[in-house]
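Worksheet: one structure, shown below.
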Amino acid sequence: MTKKEKIQFVIDTLEELYPKVPIPLDHKDPYTLLIAVLMSAQSTDIGVNKITPILFAKADNPYDMVKLTVEEIREIIKPVGLSPMKSKGIYGLSKILIEKHQGKVPQNYKDLEELPAVGHKTASVVMSQAFGFPAFPVDTHIHRLLYRWGISNGKNVEQSEKDAKRLFPKELWNKLHLQIIFYGREYSPARGWDIEKDIITKTIGRKSILNKIKNG
């Protein structure tokens, strides 16, 4: 199979499995999405979705958020982990949104990535899911799968993102990155992986990985 055929196989298989993809993090606007994505670092979407309603009941906009102390925010979000860093980030970015952006989430990478605790991946998710801007946020699932499929050399997430953007059509990025995440969780997890269920890796997977399984 050529690289082009492999890419098409991935697209077709994912489209068949996930014709509709919901956004995994519950939110109602760009601000609540930004906070949810920030909270999801090294945590699960399910875990975040349990905590955000409690936080957003108290503050679902930057003006109400800065009325809370960092400690109060931390107490609420403790179950999702990394709460000291995340609570400071949530408070700090809310303050900056009020001071510099009229309380609105900016629609560009530069301003988003200048916010506390907001890295490129978080900014990409917000640009894609809140504003519909073509983006390909790479999380650990996508990074792992692009390597398993021989689409990227897996050196780092930055390289995986570059390779994905180079190889997949731009108009598919926003849906495709979610489809890959869902596929990774269901069929190609890091632990408890069953190659027989993982049709994409089984069909186009990196030879070194397939040989390793075969020689097990």
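The values are calculated or read from the model by the stated rules, or taken from the named source; none is laboratory data. From a predicted model like this one, the values you see are computed outputs, not experimental measurements. Here the Cβ positions follow ideal geometry from the backbone for every residue, glycine too, while neighbour counts run over all protein chains shown. Side chains included, ligands, DNA and RNA excluded: accessible areas come from the protein's heavy atoms. Shrake-Rupley method; radii C 1.70, N 1.55, O 1.52, S 1.80 Å.
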Legend entry - Potential extension, I213-R185 segment - 0.36 nm per residue separation minus Cα distance: 8.1 nm
Legend entry - Between 0 and 90°, nearest 10: helix 45-58 axis offset from the chain longest Cα axis: 20 degrees
Legend entry - Most fluctuating residue given options P189, P137, P106, as computed from a GNM of the chain linking Cα atoms under 10 Å: P189
Inset, instruction - Leaving ligands, DNA and RNA out of it, rank R206, R148 by accessible area with a 1.4 Å probe, largest first. - result: R206, R148
Inset, instruction - Evaluate the charge dipole of the chain about its Cα centre and quote only its size in Debye, nearest 20, assuming +1 on the Cβ of each Lys and Arg and -1 on the Cβ of each Asp and Glu. - result: 740 debye
Legend entry - Calculated on alpha-carbon atoms, Rg and Dmax of the chain in Å: 18.7, 60
Legend entry - Ratio of the Cα radius of gyration of the stretch 171-215 to 2.2 N^0.38 Å, where N counts its residues: 1.27
Inset, instruction - Relative to the longest principal axis of the C-alpha atoms of the chain, give the angle of the C-alpha long axis of helix 120-129, reported between 0 and 90° and rounded to the nearest 10°. - result: 90 degrees
Legend entry - trypsin sites (Lys or Arg not before Pro) lying in DSSP loop within the stretch 13-117, provided at most 15 other Cβ fall within 10 Å: K20, K28, K67, K104
Legend entry - Residues with amide H under 5 Å from that of S152, placed H, sequence gap 5 or more: Y147
Inset, instruction - Compute the Rg/Rh shape ratio of the stretch 1-57: radius of gyration over Kirkwood radius, all on alpha-carbon atoms. - result: 1.20
Legend entry - Residues of type aspartates and glutamates that K58 reaches as a straight line, Cα spacing below 12 Å, ignoring anything fewer than 8 places off in the same chain: E72
Inset, instruction - Take the Cβ-Cβ distance between I96 and L17 as r, set R0 to 30 Å, and report the resulting FRET efficiency rounded to the nearest 0.05. - result: 0.15
Inset, instruction - Just grab the label-to-label distance for K3 and T140, each label 7 Å out from Cα along the Cβ direction, in nm (one decimal). - result: 2.9 nm
Legend entry - Links that overshoot a 28 Å alpha carbon limit, given the list K28/K175; K95/K121; K78/K121; K86/K212: K86/K212
Inset, instruction - Would you check the accessible area of M127, probe 1.4 Å, heavy atoms only, in square angstrom rounded to 10? - result: 10 Å²
Legend entry - Heavy-atom accessible area order for F133, F9, largest first, 1.4 Å probe: F133, F9
Legend entry - By accessible area with a 1.4 Å probe, ligands and nucleic acids excluded, highest first: order of E99, E5, E16: E16, E99, E5
Legend entry - Residues of type aspartates and glutamates that K202 reaches as a straight line, Cα spacing below 13 Å, ignoring anything fewer than 8 places off in the same chain: D194
